[in-house]
1. Can N41 be described as of a type in the set (S, T, N, Q) and either in contact with a helix residue (DSSP H, G or I) (Cβ under 9 Å, 6 or more places away or on another chain) or closer than 15 Å to C77 by Cβ (or both)?
2. Six or more apart or on different chains, Cβ atoms under 9 Å: show the pairs whose first residue is in the range 31-56 and closer than 10 Å to K19 by Cα and of a type in the set (K, R) and whose second is outside any strand (DSSP E or B) and modelled with pLDDT of 95 or more.
3. Give all pairs with beta carbons closer than 6 Å in which a residue from the range 15-29 that is of a type in the set (K, R) meets a residue that is surrounded by 12 or more Cβ atoms within 10 Å (Cβ to Cβ); count only pairs at least 6 apart in sequence or on separate chains.
Amino acid sequence: MDYKKVIEDFNNGTIDPRKYQVVMDNDGGYWLCIDCSVDDNTRENLANEMSKKYGDPGGYGDIVEVLNGAGVNADWC
């Protein structure tokens with residue numbers, strides 16, 4: 001994942017933290033669309049688009065704290 005671009009885009013409003021979350025897992029991660037105004041299929045498609053644009057997140061629990069500190073909506077799974 002292009003962490004620098006993700007941090008930039010969360011901070012400049014390109015990525016809405018009320019609509020997207022970066023979820024980290026033990027050996028990888030994924031994008032989660034948390035926009036409740038769209039159906040499940042659309043949420044899945046939007047999350048896939050984020051993966052294509054920024055890449056899939058990878059890392060461990062410590063990166064979540066760094067991302068949160070940098071203004072990214074991130075969580076540990």
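1. Taking the combined requirement at face value, the residue does not satisfy it.
2. R43/I34
3. K19/D35
The values are calculated or read from the model by the stated rules, or taken from the named source; none is laboratory data. Just so you know, these numbers come straight off a predicted model, no measurement behind them. Glycine also receives a Cβ, built like all others from the backbone with ideal geometry; neighbour counts cover every protein chain displayed.
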